[in-house]
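A quick write-up on the structure given underneath.
The values are calculated or read from the model by the stated rules, or taken from the named source; none is laboratory data. Fair warning: this is a prediction, and the values are worked out from it, not measured in the lab. All Cβ positions, glycine included, derive from the backbone under ideal geometry; neighbour counts span all protein chains shown.
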Amino acid sequence: MSEAEERWVARLRPTPGTAVDALLALPMGLDVWERHGDVLVVAASELQLSELERRRLAQVERLSTVTAFEARARRRSTREGGGPG
């Protein structure tokens, strides 16, 4: 997978003048995981996130790659005894 195709878990905060509903309506195929008021947590490619930044639609905080996020969740689940049975 190339760097441009890497998927990220990211926090998006709309920039002034942009509403969170406008971000949700964009035809970018963002995978929205959570919404907390005017903040979205999404899974998106680097290209998608860069486009949001380029167009100044949102402040983007890259939290983790999706791969690393899923690995941490699996380890946590195994430690807590919630692994596959």
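Quick notes on this structure:
- Enumeration of residues in segment 32-85 that are of a type in the set (S, T, N, Q) and at pLDDT below 95: T67, S77, T78
- Restricting segment 39-64 to residues that are of a type outside the set (A, V, I, L, M) and touching a strand residue (DSSP E or B) at 6+ places or on another chain (Cβ under 6 Å), the residue that is farthest from T15 (Cα to Cα): S64
- Those strands (runs of 3 or more DSSP E) lying entirely in segment 17-85 with at least 2 residues touching an Asp or Glu at 6+ places or on another chain (Cβ under 9 Å) and either under 23 Å from E5 (Cβ atoms) or hydrophobic (A, V, I, L, M, F, W, C) (or both): 39-45, 58-65
- Residue that is modelled with the highest pLDDT [pool: residues in segment 2-16 that are part of a loop (DSSP other than H, G, I, E, B) and more than 13 Å from R56 (Cα to Cα)]: E6
Matching residues to (1) surrounded by 11 or more Cβ atoms within 10 Å (Cβ to Cβ); (2) more than 15 Å from the chain's Cα centre (by Cα); (3) charged (D, E, K, R):
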residue: E6; (1), (2), (3): yes, no, yes
residue: D21; (1), (2), (3): no, yes, yes
residue: R35; (1), (2), (3): yes, no, yes
residue: V39; (1), (2), (3): yes, no, no
residue: L52; (1), (2), (3): yes, no, no
residue: R56; (1), (2), (3): yes, yes, yes
residue: F69; (1), (2), (3): yes, no, no
residue: E80; (1), (2), (3): no, yes, yes
